[in-house]
Each structure stands twice: as structure tokens, then as C-alpha cells.
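J.: Take a look at this one; I'll ask things after.
The values are calculated or read from the model by the stated rules, or taken from the named source; none is laboratory data. Computed from a predicted model, the values in this text were never measured in an experiment. Every residue, glycine as well, gets a Cβ built from its backbone with ideal geometry; the counts of neighbours run over all protein chains shown.
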Amino acid sequence: MLLLVGLGNPGARYVGNRHNIGFTVVQEIATRHGIAPWRRRFQGLACEGPIGGERVLLLLPGTFMNESGRAAAEAAQFYKLAPGDITVFHDEIELPPGRVRVKVGGGIAGHNGLRSISEHIGDDYRRVRIGVGHPGHKDLVEHYVLSGFAKSERAWVEALTGIIADNVDLLVRGQDASFQNKVHLAMVAKGFAQTTNNDDIKSQ
């Protein structure tokens, strides 16, 4: 069993916010891979099914962002999962909009959801960092991530969530660099990215 966790805040008022792109991606993974139904489990919503030859649990924590680790830890303990069996999808303000980077372990860069997960399960889980851009000043960050995407941004958000979902089997098989490269090339093909930096594409 592998655990894929989408980070976000529960409730209708947060739907579509930049901070909730992790929720959006994991919901799209469920849709595209025919995984259903969602049930109330592990202090959130969860469903499970096969992806890439593995049994996968998809989890949307029902706690708020800064308590996401409680839900992730409960699911991990139930299935006796190690941090290496867990992948977390989250918004990343330090990446340009539409960019995706995959890393295992490392710091949390001030992200409250990652802080909570690291406190509960340790640091050695995989993070899929989904670029949402930066507002330009640290004092604007909270309002920025808790705001919805502009109408002009919705096309790349929809494209990216679908591309991630279509290629998530590579992550499940541990092919992180291939996943990252395929996502980038697919976004370029759709006209949402112009260049690549091979130094950013590293095997984990």
C-alpha cells in the first residue's frame, strides 16, 4: 500500500484556492483512475484502488492545513507505512506557476502542511511541489495562497492537474525523474512552459 496525500483546507470557502491545489490534484487522480468512492476515514476523506500495479490510498485531510499530519499519520499507522511509502502533493510559492518538482526529504520552506506532516511522520517522504508563483513580498503570501486562481490561470491549472494525474503511475513505481520530465514536456506541448532546466530534474 502506498499513500498519496493532497494538502489543502476543508470547506467550500477554500475550494479552488492556490493553497488547495494538492486537494485538486489528488481528486483528479481519483477521477482519472476510476478510484471511488470517497469515504470518511483517517480524519479526512479517503479512497483506495490500483495505480501502476500498486494498491494506493488517496487521502484529503479533513483537518485544516496546519494539522494535516494528524490525518497522514493515522493512515500511515493503520497500514504500517514508512515515510518512503508516502507522497504529498502541495502548493509551492517558490516555483513559477505550472512548474512541478519532486523531492524526497528536505526542509519545509515555511509550509504549514509540510511542517505538520514532518512533525508526525518525519521528513523522509516524497513531496510533489506544484508551483503557484509568489506574490512578490512575504507579507502578501497568506492572502495570496488563500485566494483563488485568476480566470487567466485556470487553463494551466486544469492542464497541469490532468497531466499529473495521467502520469502518477510513474511516481507510484518510483520513477520520479521520468514523472517530472513527462509533466514538463506535456505542459510545453500545451503551450504553458517555454524552457526546461535539466539541473532541476534529478532522480530521488
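J.: What pairs come up if the first residue lies in region 139-154 and is aliphatic (A, V, I, L, M), the second is modelled with pLDDT of 95 or more and part of a helix (DSSP H, G or I), and their beta carbons are under 6 Å apart, counting only those six or more places apart or on different chains?
T.: Pairs that qualify, where the first residue is aliphatic (A, V, I, L, M) and the partner is modelled with pLDDT of 95 or more and part of a helix (DSSP H, G or I), are V145/R18; V145/H19; L146/H19.
J.: Which one of L171, L160 is touching a Gly at 6+ places or on another chain (Cβ under 6 Å), buried (at least 21 other Cβ atoms within 10 Å of the Cβ), of a type outside the set (G, A, S) and part of a helix (DSSP H, G or I)?
T.: L160
J.: Out of the residues in region 53-102 meeting the condition of being closer than 22 Å to G131 by Cβ and among the β-branched types (V, I, T), tell me which one is surrounded by the fewest Cβ atoms within 10 Å (Cβ to Cβ).
T.: I93
J.: Continuing with this model, one more query. When you scan region 174-204, how many residues do you find that are basic (K, R) and either in a helix (DSSP H, G or I) or modelled with pLDDT under 50 (or both)? Working first, answer last.
T.: Taking region 174-204 first, the residues basic (K, R) are 182, 190, 202.
Then drop every residue that is not either in a helix (DSSP H, G or I) or modelled with pLDDT under 50 (or both), which leaves 182, 202.
Number of matching residues: 2.
J.: Could I ask something else about it? With respect to G8, is the statement that it is in contact with an Asp or Glu (Cβ under 9 Å, 6 or more places away or on another chain), within 17 Å of V145 (Cα to Cα) and either of a type in the set (D, E) or not in a helix (DSSP H, G or I) (or both) true?
T.: So G8 fits the description; yes.
J.: Taking region 1-33 on its own, how many of its residues are farther than 15 Å from G62 by Cβ and of a type in the set (K, R)?
T.: Of the residues in region 1-33, 2 are farther than 15 Å from G62 by Cβ and of a type in the set (K, R).
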